[in-house]
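Engineer: Handing you this structure, nothing more for now.
Derivation of every value follows stated rules applied to the coordinates shown; laboratory data play no part. No experiment lies behind these values; they were computed from the predicted model shown. Quick reminder, even Gly has a Cβ in these numbers, built from the backbone with ideal geometry, and neighbours come from all protein chains shown.
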Amino acid sequence: MARRVRSGRSGAALVIALGTLAAACAAPGGNSPQPQATATSPASAAPACGSAPITMSGYFETGFPLPKALTTEFTKQHPNVTWNVREDQFAVITQNAPRVLADNPPDLMRLPQVSELVKDDLLKNLDGYATAFGWDKWPASQLEQLRLGQGGRPRGEGSLYALGLNMSMTGLFYNKKLAAQIGMSEPPATLAELDQALDKAKQAGLTPIMQFNGGATGGLAFPLQNLMASYGPAAPINDWIFQKPGATIDTPANLQATQHLEKWIKAGYFQKDVNAVDYATMMSRFIDGQGLFMFNGDWESGNLDKQMAGNVGFTLMPPAEQGGKRAAMSAPLTFGIAANAKNADCAAFFLNWVATDKRAREIGVEIGGSRPMGPADAYMPDVAADKVTASTLAAGADIAKDDGAMDFIANATGAIYAKSWTPNLQKLVAGKQTPQGLLKTVQSDYAGQLEGN
Amino acid sequence: MTPRSAHRRPAATRLRGARGLAGWLFILPALAFYTVFVLRPITLTFQYSLYDWNGIGPSTWVGLANYGKVFTDPDLFDSLVNAFQLIVFFSAIPVVLGLAIAATIRRIAASRLALVARTVLFLPQVIPLVAAGIAWSWLLASTGVVNQLLTLAGLSGVTRAWLGDFATALPAVGMIGAWVLLGLCTLLLLAGMSKIDPALYEAARLDGAGPWREFVSITVPSLRQEIAVCVTVTVIAALASFDIVYIATQGGPGNTTMVPGLQIFYLAFSEREVGTASALAMVLMLLVIACALPIQWFAKDGGK
């Protein structure tokens, strides 16, 4: 008897359970409110933070002190504004970005690759602010990477969806003491000279290039893209990163670059365990004097000036031919405003303040180590000439002259770095992938990801 | 039907109903949690697996196409193959080694050494997996303790970055798992051994059985239930592994340590292909059930 009762009741329980589940029956995504981002921001009088107390919500990256230093200074100058800041690792921000922007829209947020966020209408269109504050009169190259066409494609033109706190610059850092040891008094001026220096370092028993390529972060993408820019023009690489129709990474110049990288690998110019080295290990080894060169960016300038004072130099990647055009990965430290942010005007005012306020620009250089954004004739803080920060800032001017700023090939799509560049570069190191195969695989993954979106 | 029985019946039904209702009230909280946190996510995952969806925008119905992708995309399929390779390390080593260690500890049960051995072996189970992963990635680094010991032993030729080498990364991750799960298996098996009737051993010894014979004929058969539990838990740990791999290698180098758990995470949060991620999750769940159920049946039949 008890058994029969039980079965009857469990039927009822099943009904209850299914009832709870029934709520899930609508198609996913269909019933969630879509942010309305299509409306452009007001273009009338320049927006500001007002004088009433206001709390700004920020979502920043852990380990980078610049945004915090800027918000602290901003509050000092505008006491009615306080900041409620949440911090996460960049990888976590990348994974969280869409949901955070949709469910809990921050006023100001450190952004990963923006194409898909724009496609989903999660970011505020900043065209109105650009007109109001005069951002559209800044050098166009500063904002190019932050402009997107309708639906997020292509990048490089169209409406403005984000702004940078500064403009980072990448190239080759080198250890001056080790350079002297192999008789390198000047940074190499051509690719052939760089090859010679690497060979001399190898002969001298040094690690010629300290790089990372372990886990899910294929750091050999740094030397690879630099080699690409050495062998060919920067524009087609940018077209590929910007997802322009018909763009391909599988070009003859890029093949030469990848073959050159393979030559470096086979010659033993990278550490033997490069596939197990992460970014932090690379940094500590380079600071420890274990490598001659390191491909990295000026976000480390301040750090290296402190830890290797006077012993570190910076140069842009040399061109293949003497006097050829130089190019470098150079991208804004991207920040954006959520489409549904409560205090969008104040966030825009803050971004403008970062680029134009004297003290903010000083903080940008001292703490950020990179070139501030802003008008071409804006105030530039002085940096002692013997500091590596001075070299990285000067490199910015060279790149602007040669029109050689590139975004990072890892930023072409949201998943291209972890899913395609990284495993294939790791295979190239292990001799399990050919240069031609690498470019073909990445191109087909890229095409697949664009199609999927 | 007599008046008496007519009276009694409704009373009995009422009583039964009341008692049943009370019983259901008691399990209601648990049932609610189970429904909200287990049944609902499973149902939702199944539903998502039938759509092409990026997690935010509108979704498109694609039927079973995502399941087709799980079995045809080499990246996704390879991660399933890797998970099965991990079973060797996560299950076979801890269970076999655990049996040997438990048998040894039982023989010296009274000594202080047994207590120390038990504690040391169980310690990895107490340490969070993330901490274990970090510690082991240091030990296995090219300048880590493992390579230092090998160099000391004159084996500098075999030293390498164990987690960064295509041939050794998966076994290295497997060894971390074996280290974690060995203590659990040893303790479970040891507990099982303490329930075996000592008279059995005495009888065997009178019949002239040596330690090996005792182990094979008495210890192992008596531990059938415990071994089944060990195998079930470790097989699930191997198939559903995530933390150790995420910390130690993140699936690299070149996807050699990619496991379904990690792949699902990347698909859903980095590639934003929620549909494919959900399909892989459903496949993984069914695989775990398909592996765990036979072990359970085997244990039950053996017990009878």
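Engineer: In terms of modelled amide H atoms, which long-range or inter-chain residues lie less than 5 Å from the amide H of A:LEU122?
Structural biologist: Correct list: empty.
Engineer: Please give the FRET efficiency for A:THR190 paired with A:ALA397, using the beta carbon to beta carbon distance and R0 = 25 Å, rounded to the nearest 0.05.
Structural biologist: Result of the calculation: an efficiency of 0.75.
Engineer: Compute the acute angle (0 to 90°) between the alpha-carbon long axis of helix A:221-231 and the principal axis of greatest extent of the alpha-carbon atoms of chain A; round to the nearest 10°.
Structural biologist: Taking the Cα atoms of chain A, the angle to A:221-231 is about 60 degrees.
Engineer: Considering only the protein assembly as shown, what is the antiparallel percent among its DSSP beta bridges, to the nearest 5?
Structural biologist: Working: 22 of 37 bridges.
Antiparallel bridges: around 60 percent, rounded to the nearest 5.
Engineer: Residue by residue, what Karplus-based ³J(HN,Hα) values in Hz, rounded to whole numbers, does the stretch A:386-403 have, using 6.51, -1.76 and 1.60 with θ = phi - 60° and x for Gly and Pro?
Structural biologist: Each residue of the stretch A:386-403 in turn: 7, 7, 5, 4, 4, 5, 5, 5, 5, 4, x, 5, 4, 5, 4, 5, 8, 6 Hz.
Engineer: Ranked from highest to lowest mean number of other Cβ atoms within 10 Å per residue, what is the order of the peptides A:253-260, A:199-206?
Structural biologist: Values: A:253-260: 20.9, A:199-206: 15.2.
The peptides rank, most packed first, as A:253-260, A:199-206.
Engineer: Hey, got the dipole for chain A? About the Cα centre, +1 on K and R Cβ, -1 on D and E Cβ, debye to the nearest 20? It would help to have the intermediate numbers written out before the result.
Structural biologist: Details: 38 positive and 40 negative charges, 328 e Å.
Once rounded to the nearest 20, the dipole reads 1580 debye.
Engineer: Please work out the FRET efficiency for the pair B:ALA100 and A:GLN89, using the Cβ-Cβ distance as r and a Förster radius of 25 Å; give the result to the nearest 0.05. Walk me through the numbers before you get to the answer.
Structural biologist: On the way: r = 42 Å, r/R0 = 1.68.
With a Förster radius of 25 Å, E is 0.05.
Engineer: Looking only at other chains, what is the average number of their beta-carbon atoms within 10 angstrom of each beta-carbon in B:265-276?
Structural biologist: 5
Engineer: What share of all Cα pairs of the protein assembly as shown, in percent, falls into each consecutive 20 Å distance bin?
Structural biologist: For the protein assembly as shown, the binned pair fractions read 14, 40, 31, 12, 3, 0 percent.
Engineer: If you don't mind, another one. For the stretch B:65-303, what is the relative contact order in percent, using Cα pairs closer than 8 Å and at least 6 residues apart in sequence? Don't skip to the end; give the middle numbers.
Structural biologist: Working: 293 pairs, mean separation 72.6, N = 239.
Reported as a whole number, the value is 30 percent.
Engineer: Partner chain Cβ atoms within 10 Å, averaged over the residues of B:50-63 - can you pull that number for me?
Structural biologist: On the way: counts 2, 4, 1, 4, 9, 7, 17, 13, 7, 5, 2, 1, 0, 0.
Per-residue shielding by partner chains comes out at 5.
Engineer: A follow-up question, please. Under 16 Å between alpha carbons, and skipping anything fewer than 8 positions from A:LYS387 in its own chain: which lysines qualify?
Structural biologist: Cross-link targets: A:LYS176, A:LYS177, A:LYS306.
Engineer: Take every residue in peptide A:413-426, count the Cβ atoms of other chains within 10 Å of its Cβ, and give the average of those counts. Please list the in-between numbers first.
Structural biologist: Details: counts 1, 5, 7, 1, 1, 6, 7, 0, 0, 6, 8, 2, 3, 8.
Shielding by partners across A:413-426 averages 4.
Engineer: Related question: Summing +1 for each Lys or Arg and -1 for each Asp or Glu, what net charge is found among the other residues whose Cβ lies under 14 Å from the Cβ of B:VAL259? Before the final figure, lay out each step's value.
Structural biologist: Values: positive: none; negative: B:ASP75, B:ASP78, B:ASP243.
Its environment carries a net charge of -3.
Engineer: Roughly how tilted is helix A:2-22, in degrees to the nearest 10 and between 0 and 90, from the longest Cα axis of chain A?
Structural biologist: That works out to roughly 60 degrees.
Engineer: So what is the 222 nm mean residue ellipticity for chain A from helices alone, if each DSSP H run of at least 4 adds -39500 (n - 2.57) and you divide by all residues, rounding to the nearest 500 deg cm²/dmol?
Structural biologist: Numbers: 18 runs with 195 residues, N = 453.
Value at 222 nm, helices only: -13000 deg cm²/dmol.
Engineer: Pop the C-beta distance of B:ASP75 and B:LEU206 into the FRET formula with R0 = 60 Å and round what comes out to the nearest 0.05. If you can, show how the numbers build up before the last one.
Structural biologist: Working: r = 60 Å, r/R0 = 1.01.
Result of the calculation: an efficiency of 0.50.
Engineer: Can you run phi through the Karplus equation (6.51, -1.76, 1.60; θ = phi - 60°) for the stretch B:31-48 and list ³J(HN,Hα) in whole Hz, with x for Gly and Pro?
Structural biologist: 4, 4, 4, 4, 5, 6, 9, 10, 5, 5, x, 5, 4, 4, 4, 4, 5, 4
Engineer: What share of the DSSP beta bridges in chain A is antiparallel, in percent to the nearest 5? All intermediate terms of the calculation are to be shown ahead of the outcome.
Structural biologist: Working: 20 of 35 bridges.
Here the share of antiparallel DSSP bridges comes out near 55 percent.
Engineer: Which residues make up the longest stretch of chain A that has no GluC sites (Glu not before Pro) in a DSSP loop with at most 14 other Cβ atoms within 10 Å?
Structural biologist: Numbers: sites that count: A:GLU157, A:GLU321.
The reported range is A:158-320.
Engineer: Scan the stretch B:166-247 for trypsin sites (Lys or Arg not before Pro) in coil per DSSP, keeping those whose Cβ has at most 11 other Cβ atoms within 10 Å, and list them by number. Each step should come with its number before you reach the end.
Structural biologist: Numbers: sites: B:LYS195, B:ARG205, B:ARG213, B:ARG224; in loops: B:LYS195.
Taking the stretch B:166-247 and a limit of 11 other Cβ atoms within 10 Å, the loop trypsin sites (Lys or Arg not before Pro) found are B:LYS195.
Engineer: Collect residues whose amide H, placed 1.01 Å from N in the peptide plane, falls under 5 Å from the amide H of A:GLY164; neighbours closer than 5 in sequence don't count.
Structural biologist: Here the answer is A:PHE335, since their amide H atoms fall under 5 Å of that of A:GLY164.
Engineer: Mind listing the long-range amide H neighbours of A:MET406? Cut-off is under 5 Å, sequence gap 5 or more, other chains count too, H placed in the peptide plane at 1.01 Å from N.
Structural biologist: Distant-sequence amide H within range of A:MET406: A:ALA328, A:MET329, A:SER330.
Engineer: OK, next. Can you compute the charge dipole magnitude of chain B about its Cα centre, using +1 on each Lys and Arg Cβ and -1 on each Asp and Glu Cβ, nothing else charged? Give it in debye, rounded to the nearest 20. Intermediate results must be reported in sequence, preceding the final value.
Structural biologist: Working: 20 positive and 14 negative charges, 369 e Å.
In debye, rounded to 20, chain B gives about 1780.
Engineer: Can you tell me which of A:213-224, B:72-83 comes out highest on packing, and rank the rest after it, using the mean Cβ neighbours within 10 Å? Let's see the in-between values first.
Structural biologist: Numbers: A:213-224: 25.2, B:72-83: 17.0.
So the peptides A:213-224, B:72-83, ranked by packing, come out A:213-224, B:72-83.
Engineer: Label A:ALA447 and A:ALA46 with points 7 Å out from Cα along Cα→Cβ: what is the distance between them in nm?
Structural biologist: Result for the modelled spin labels: 4.9 nm.
Engineer: For chain B, what does -39500 (n - 2.57) per DSSP helix run (n ≥ 4), summed and divided by total residues, give at 222 nm, in deg cm²/dmol to the nearest 500? Walk me through the numbers before you get to the answer.
Structural biologist: Working: 15 runs with 212 residues, N = 304.
Counting only the DSSP helices, I get -22500 deg cm²/dmol.
Engineer: Output ³J(HN,Hα) for the stretch A:245-255: one whole-Hz value per residue in order, computed from phi by the Karplus curve 6.51 cos²θ - 1.76 cosθ + 1.60 with θ = phi - 60°, and x for Gly and Pro.
Structural biologist: x, x, 5, 9, 8, 8, 10, x, 5, 5, 5
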